[in-house]
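Below: one structure, written as structure tokens.
The values are calculated or read from the model by the stated rules, or taken from the named source; none is laboratory data. Keep in mind that what you see is a predicted model, and the values were worked out from it rather than measured. As a convention, Cβ positions derive from the backbone with ideal geometry for all residues, glycine included, and neighbour counts pool all protein chains shown.
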Amino acid sequence: MTKFARAVPVLMYHHISTSPGMITVSPEHFAAQMAYLAGAGYTTIGSAQLSAYLAGEPLPKKAVVLTFDDGYLDNWVHAHPVLQAHGLTALCFLVTSWIGEGPVRAHARSGGALPALLNHRDGEVAIENGEADHAILRWSEIDAMREAGTFEFHSHTHSHVRWDRVSANAEQKCAGLTRDLASARATLQQKLGAVSDHLCWPQGYHDEDYRRIAAEAGFRHFYTCETGSNYSGRDDGAARSITRLEVRDRPASWLASRLWVHTRPAISRAYLRIKR
């Protein structure tokens, strides 16, 4: 039996919140899912390890990547303390124009009154109304998560705009995306001191222009909303699309069954063919 990973599932989360809604996992289910990962011997890996694996380097048999899209406040309030308790790590993709300043707010294991958490739709409204601080992480909280080692942070663009939808033509679309990615990279460089080559597409959308412009901007690893696991291969210098598994608000047994499937390449591919 192989000691190394034959496939690496990348799990996709958004909200971990007591305010139910779409793309939201309850704190209870999240805590149970993370306890399962830790107890079952899974190893959470970071972006550098995933990059190396995709280029042909081995990883432990039970390697998994946790990702969180958009940078919601509840990632600090509920996800961070659970990850810290189990020694697990995750990647968070930030929309840099949404992040504000201010002191660190309380989280579920820090003591003190917890901040109010908005459901997904109310958070969208707050962001649209210029009140993103009610829904999104602050730079101070991002710094605390980085210092604790629970999260690393990457680009989800600067504005989260779908330029293919708001532009009159391809030229405007390309110009808008070029500016957006440049602003995101500049902000991350200023605030975090570094910016990686990992990018998460807003709403999972990408086309040939998107991929070309992102590659020209310095990105090489592209996180999608397409379902599947990820496999090691020869490093030919090409950009790579990373498939993910959306995590539902379900018990740990549900996650265990998905990981059993998607760490076995033949079974994963057969399962996805049937689902499609």
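Quick rundown of the values:
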read-out: Hits in region 127-151 (condition: surrounded by fewer than 18 Cβ atoms within 10 Å (Cβ to Cβ) and under 16 Å from A48 (Cβ atoms)); value: R146, G149
read-out: Yes/no for H158 being over 27 Å from A239 (Cβ atoms) and either of a type outside the set (A, V, I, L, M) or within 15 Å of the chain's Cα centre (by Cα) (or both); value: no
read-out: Scope region 107-148; condition polar (S, T, N, Q) and out of contact with any helix residue (DSSP H, G or I) (no Cβ under 9 Å at 6 or more places or on another chain); matching residues; value: N119, N129, S140
read-out: Matching residues, region 1-18, being more than 14 Å from N230 (Cα to Cα) and either in contact with a Gly (Cβ under 9 Å, 6 or more places away or on another chain) or of a type in the set (A, V, I, L, M) (or both); value: M1, H15, I16
read-out: Flag if L255 is crowded, with 19+ Cβ neighbours inside 10 Å and at pLDDT 95 or above; value: yes
read-out: Restricting region 221-243 to residues that are aliphatic (A, V, I, L, M) and surrounded by 13 or more Cβ atoms within 10 Å (Cβ to Cβ), the residue that is modelled with the lowest pLDDT; value: A239
read-out: Matching residues in region 30-62 - criterion: being hydrophobic (A, V, I, L, M, F, W, C) and either part of a helix (DSSP H, G or I) or more than 16 Å from N230 (Cα to Cα) (or both); value: F30, A31, A32, M34, A35, L37, A38, A40, A48, L50, A52, L54
read-out: Looking only at region 207-220, and only at residues there that are crowded, with 19+ Cβ neighbours inside 10 Å and of a type outside the set (S, T, Y), the one that is nearest to L11 (Cα to Cα); value: F219
read-out: Matching entry among A113, A79 (being buried (at least 20 other Cβ atoms within 10 Å of the Cβ), among the small types (G, A, S) and either out of contact with any Phe, Trp or Tyr (no Cβ under 7 Å at 6 or more places or on another chain) or not in a loop (DSSP other than H, G, I, E, B) (or both)); value: A79
read-out: Subset tally (residues that are of a type outside the set (D, E) and surrounded by fewer than 15 Cβ atoms within 10 Å (Cβ to Cβ)) for region 152-193; value: 13
read-out: Residue under evaluation T18, criteria (1) more than 18 Å from M145 (Cα to Cα); (2) crowded, with 20+ Cβ neighbours inside 10 Å; (3) in contact with a Ser or Thr (Cβ under 9 Å, 6 or more places away or on another chain), criterion not met; value: (2)
read-out: Residues of region 87-103 that turn out to be surrounded by fewer than 16 Cβ atoms within 10 Å (Cβ to Cβ) and not in a strand (DSSP E or B), as a count; value: 4
read-out: Failed condition for T224, given (1) out of contact with any Gly (no Cβ under 7 Å at 6 or more places or on another chain); (2) within 28 Å of L118 (Cβ to Cβ); value: (1)
read-out: Selection from region 194-206 of residues that are out of contact with any Leu (no Cβ under 8 Å at 6 or more places or on another chain) and surrounded by fewer than 16 Cβ atoms within 10 Å (Cβ to Cβ); value: Q203, G204, Y205
read-out: Residues satisfying the stated conditions in region 79-112, i.e. of a type in the set (G, A, S) and under 23 Å from V25 (Cβ atoms); value: A79, A85, G87, A90, A106, A108, S110
read-out: Subset of region 116-142 that is outside any helix (DSSP H, G or I) and not aliphatic (A, V, I, L, M) - its residue that is nearest to C92 (Cα to Cα); value: R138
